[in-house]
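Notes to accompany the following structure.
Each reported figure results from applying straightforward, stated rules to the coordinates on display, with no laboratory input. In this text, all values refer to a predicted model and were calculated from it rather than measured experimentally. Methodologically, a virtual Cβ is constructed for each residue, glycine included, from the backbone with ideal geometry; neighbour enumeration extends over all protein chains shown.
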Amino acid sequence: MATPRYKRVLLKLSGEVLMGGQQFGIDPSFVMELAKEVKAAKDTGLEVCLVIGGGNIFRGMAGAAQGMDRAQADYMGMLATVMNALAMQSALEQLGVATRVQSAIEMDKVCEPVIRRRAERHLEKGRVVIFAAGVGAPYFTTDSGAALRAAEMKCDALLKGTSVDGVYDSDPKKNPSAKRFDTVTYDKVLADNLKVMDASAVALCRDNGIPIVVFSIREQGNLAKVLEGQGVQTIVQGS
């Protein structure tokens, strides 16, 4: 089964991926490897935008679980995503890829505000756009932010690069006999709580007809393989 050829995609990366082999923070050498993957995808003529989580620095839900005010903790998590976006921008620009960071929380000293039409112009001019700070409001995850930006930018697919090579019927880390799906419907993901993305993100993609492609970003060259329809992946789509 081949993945259809896309013109514009949004790549969602978890913040934890930026840690590389570390337990916390940002591993610049691994961020550079990720940047090379993004550059290779862009060099095929693809228009690429990114959303990166902040879990390698601070996770709002974890802070709230330890007694912090949930809204305050979520804002801290949003700021962490800006730091990750700037790290990725630096790596991409070292490779000669023109990149713009747009933040849902305005901080004009370091990045642009999210302006949809400006972001579209950037993509049309061959720049990579990294959307930071989620949706700019607490109680929404970066998954929801990614789904929202993918819909706004009329992306052909939302690619979710994780440490797992697809969607399974149970946790493959706990169940060695877990079955991986090649394709699965949005409704099954929601009904069976398959933990692809949070429910609001999956529903937003379903309502806008945006397929979610789940694959392992940790395998070198895998993004290019997935875009060619050759890599191991799961596609979440309509029935």
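If you wrap a convex hull around the Cα atoms of the range 29-97, how much volume per residue is inside, in Å³?
On the way: hull volume 5.4 nm³, N = 69.
Residue-normalised Cα hull volume stands at 79 Å³.
Starting at the first residue of the range 74-86, write each ³J(HN,Hα) from the Karplus equation 6.51 cos²θ - 1.76 cosθ + 1.60 with θ = phi - 60°, in whole Hz, x for Gly and Pro.
The phi angles translate into 5, 5, 4, x, 4, 5, 4, 5, 5, 4, 5, 5, 5 Hz.
What is the Å³ per residue value for the convex hull set by the Cα atoms of the range 165-239?
Values: hull volume 7.1 nm³, N = 75.
Per residue, the Cα convex hull of the range 165-239 comes to 95 Å³.
Can you tell me the FRET efficiency between residue 137 and residue 192 if r is taken as the Cβ-Cβ distance and R0 is 22 Å, rounded to the nearest 0.05? Could the numbers behind the result be given before it?
Numbers: r = 28 Å, r/R0 = 1.29.
Step by step, r from the Cβ atoms, then E = 0.20.
In whole Å, what are the Cα extents of the range 1-46 along the three principal axes, biggest one first?
36, 20, 17
Toward the positive end of the charge dipole of the chain, about the Cα centre and with charges on Cβ (Lys, Arg +1; Asp, Glu -1), which of 126, 140, 85 goes farthest?
With unit charges placed on the Cβ atoms, the residue in question is 126.
Magnitude of the Cβ-charge dipole of the range 87-127, K/R +1 and D/E -1, about the Cα centre, nearest 20 debye?
Values: 8 positive and 6 negative charges, 32 e Å.
Computed charge dipole of the range 87-127: roughly 160 debye.
Just subtract the alpha-carbon distance of residue 171 and residue 40 from 0.36 nm times their residue separation and send over the number in nm, one decimal. Show your work: numbers first, answer last.
On the way: separation 131, 0.36 × 131 = 47.16 nm, distance 3.10 nm.
Gain on stretching residue 171 to residue 40: 44.1 nm.
So what is Rg over Rh here for the range 120-216, counting just Cα atoms and using Kirkwood for Rh? Can you show the working numbers first?
Details: Rg = 14.5 Å, Rh = 14.5 Å.
Taking Rg over the Kirkwood Rh, I get 1.00.
If I build a Gaussian network model for the chain, linking alpha-carbon pairs within less than 10 angstrom, which residue out of 144, 29, 14 has the largest mean-square fluctuation?
In the Gaussian network model the winner is 29.
Given only helices, namely DSSP H runs of n ≥ 4 each adding -39500 (n - 2.57), what is the per-residue ellipticity at 222 nm of the chain, to the nearest 500 deg cm²/dmol? List each step's numbers first, then the result.
On the way: 8 runs with 88 residues, N = 239.
For the chain, the value works out to -11000 deg cm²/dmol.
What FRET efficiency comes out for residue 152 versus residue 68 if R0 is 22 angstrom and r is the Cβ-Cβ distance? Round to the nearest 0.05. The partial results should precede the final answer.
Details: r = 30 Å, r/R0 = 1.36.
The value I calculate is 0.15.
Given 10 Å bins starting at zero, what is the percent of C-alpha pairs of the range 34-170 in each, up to the one with the largest pair distance?
12, 41, 34, 11, 1
Averaged over all directions, how much area does the convex hull of the C-alpha atoms of the chain cover when projected, in nm²?
Numbers: hull surface 50.1 nm².
Orientation-averaged projected area of the Cα hull: 12.5 nm².
Where nothing but the Cβ of Lys and Arg (+1) and of Asp and Glu (-1) is charged, how large is the charge dipole of the chain around its Cα centre, in debye to the nearest 20? Before the final figure, lay out the partial values.
Values: 29 positive and 27 negative charges, 78 e Å.
For the chain, the charge dipole is close to 380 debye.
Nearest-5 percent of antiparallel DSSP beta bridges in the chain?
Numbers: 5 of 34 bridges.
So the antiparallel bridges amount to about 15 percent of the total.
Please identify, among 76, 68, 197, the residue showing maximal mean-square fluctuation in a Gaussian network model of the chain using a 10 angstrom Cα cutoff.
68
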